[in-house]
1. From Leu75, Leu53, grab the single residue that is farther than 28 Å from Ile156 by Cα, touching a Leu at 6+ places or on another chain (Cβ under 6 Å) and not β-branched (Val, Ile, Thr).
2. Examine region 379-399 for a residue that is in contact (Cβ under 8 Å) with a residue 12 or more places away in the chain, in a helix (DSSP H, G or I), closer than 26 Å to Val204 by Cα and not basic (Lys, Arg), and state whether such a residue exists.
3. Grab the helices (runs of 4 or more DSSP H) fully contained in region 91-170, keeping just those with 2 or more residues being touching a Gly at 6+ places or on another chain (Cβ under 8 Å) and without any contact (Cβ under 8 Å) to a residue 12 or more places away in the chain.
4. Given (1) modelled with pLDDT of 95 or more; (2) more than 28 Å from Ala95 (Cβ to Cβ); (3) loosely packed, with under 15 Cβ neighbours inside 10 Å; (4) not small (Gly, Ala, Ser), identify the lone condition not met by Asp350.
5. Looking at (1) loosely packed, with under 14 Cβ neighbours inside 10 Å; (2) more than 25 Å from the chain's Cα centre (by Cα); (3) assigned by TED's automatic domain parsing to the domain that holds Ala153, find the lone condition where Gly197 falls short.
6. Determine which single condition Ala307 fails, assuming it passes every other condition in (1) hydrophobic (A, V, I, L, M, F, W, C); (2) under 22 Å from Gly359 (Cα atoms); (3) at pLDDT below 95.
7. Restricted to region 245-262, and to residues that are under 15 Å from the mean Cα position of the chain (by Cα) and not in a strand (DSSP E or B), which residue is modelled with the highest pLDDT?
Amino acid sequence: MKLKPFAALRPAPGSAARVAAVPYDVVDTAEARALAAGNPDSFLHVSRPEIDLPDGTGIHDAAVYAQGVRAFRDLQARGVLIRERDERLYVYRQAMGRHSQTGVVACCHVDDYDRDVIRKHEKTRQDKEDDRTRHVLALRANSGPVFLTYRDAPAIDRLAEGAASGAPLYDFAAADGIRHTVWRVEEDTAPWVAAFGAVPAAYVADGHHRAAAAARAARTLRAANPRHDGSEEYNWFLGVLFPASQLRILPYNRCVRDLHGLVAGDFLRQVSALFDCAPAAQPAPAGPRQVHLYLAGRWHRLAWAEADTDPVERLDVSVLQNRLLAPVLGIADPRTDERISFVGGIRGTDELVRRVDGGRDAAAFAMHPVSVAQMMDIADAGQIMPPKSTWFEPKLRSGLLVHTLD
C-alpha cells in the first residue's frame, strides 16, 4: 500500500488535551455541545459545528459547513493549531485500562481505497457520506482520521517501537480516562514507506464514511483541476494504521422496542423453538454461537450449533437477525427499522437492563464480539458485514493531527 508523511496542523504545546475531541459520529448535537461547553479550543467546534448555531439548525444546512470553516480558521488564527514545518509521520498510542494499541499516523492514497488495497466491511449511508464529503470540501482538510488495520508486520513494529522510545510530542489522559500519547518520527521516513509498501492490504476498522468522503472529495477536486497530475495533496487522506493483533472489538448489542404483538411468555416459547434456550449464568455471552436475551427481568442463553460456512451468515449478528429478528419480530432491515436500536459494548450490559427495566425497550440481546480476523476475512472475500457488527474501543481523537488538502 501507499503511504506518505504530511505537514500536519496540530495543537500548540500544552493545548492537545483541550483540542482533542471524540469522533464526530459517536455523539449527537446535544452531547457534542455539552462536551465543548466552556472550551473554545475543542475540535468539536470544527467537526460538529452546528453546536455553535441556533437550536433547530439542520445539521446539513449550508450554515453548518460555513461555521465549521470559521471555527477551523479561528483555531489557526489564535495559534491553537500550528503548522508542522515539514512532512512527518507520527506514532500514536492509546491506553485504556490494561489495553493499549500503537498505530502509525500517515496519509493513505485514495487510489488504494478505490482499488480495494484498502478494504471495507461496511456499507455507507448516503446521507452521512454526503455530509462528510461536504465537510472535507468546505474545510479543504480531513478533520478526523480513518481507523485502519493490517496484518502484523514485524518490520513496522520495530520502527514504531524505536520512535516511541523518545520523548512524546503529546501525552495526556482524556476526561474518560483514556491516555493518548503521540510521538513525531524524527528519522528518515523512507524505511516506513518501504515497510508499508510490503503490506498487501489494509482494512477500514472504523471510519467508513470518512474514507468514502475523502475518496469522493478527491474525485471532485480532480475533475475541477484541469492541471491535475496526481501529485496534489487531495489525493491523500489521513489514517492511523494499527497491527491487527493489538486491536480489540467490543460487542455491539441490540435492543428492540416491542415484541411485535407477542406477550413475553409467547415470545420466549417461540425463541425456545429456534435456539437451545436456558437461563444465563451471567449477562454477557462467554463465546461465539450464543446470544443472551434479557426479557422480563431475566437473562436467557440462546445457543446453536454452527452450520453455515459463509463467513457473513455464520456471524452471531447474522444468525440472530435471520432466525429471530426478521421472522419473529418483523425487523426486516435493521438499517432502517426504528424498532431496533444498537448499544456499543463500551456501555456494558447494565445499559441493556436499564433500557428494558425502564420501559424504553421490551427486550435486549447481548452479543459476543466478532474477531478482527473475521472482519478481515469478510473484507478479503469482498463481502459486507451486517450493520452495527463491530465496536472498536478506544476511539481515535480528532484534532491531534489534521491533514489539509492544499
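1. Details: Leu53 fails: touching a Leu at 6+ places or on another chain (Cβ under 6 Å).
The match here is Leu75.
2. yes
3. Values: elements: 110-114, 126-139, 154-163.
In region 91-170, no matching helices (runs of 4 or more DSSP H) lie anywhere.
4. Asp350 satisfies all of (1) modelled with pLDDT of 95 or more; (2) more than 28 Å from Ala95 (Cβ to Cβ); (3) loosely packed, with under 15 Cβ neighbours inside 10 Å; (4) not small (Gly, Ala, Ser) except (2).
5. Failing condition for Gly197: (2).
6. Exception for Ala307: condition (2).
7. Across region 245-262, the extreme among qualifying residues is Leu247.
Results for (1) surrounded by fewer than 20 Cβ atoms within 10 Å (Cβ to Cβ); (2) modelled with pLDDT of 95 or more, shown as yes or no for each residue.
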{"site": "Ala296", "(1), (2)": "yes, yes"}
{"site": "Pro311", "(1), (2)": "yes, no"}
{"site": "Pro327", "(1), (2)": "yes, yes"}
{"site": "Gly345", "(1), (2)": "no, no"}
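The values are calculated or read from the model by the stated rules, or taken from the named source; none is laboratory data. Just so it is clear, the structure is predicted and the values come from calculations on it, not from any experiment. Neighbour counts run over all protein chains shown; Cβ positions are idealised from the backbone, glycine included.
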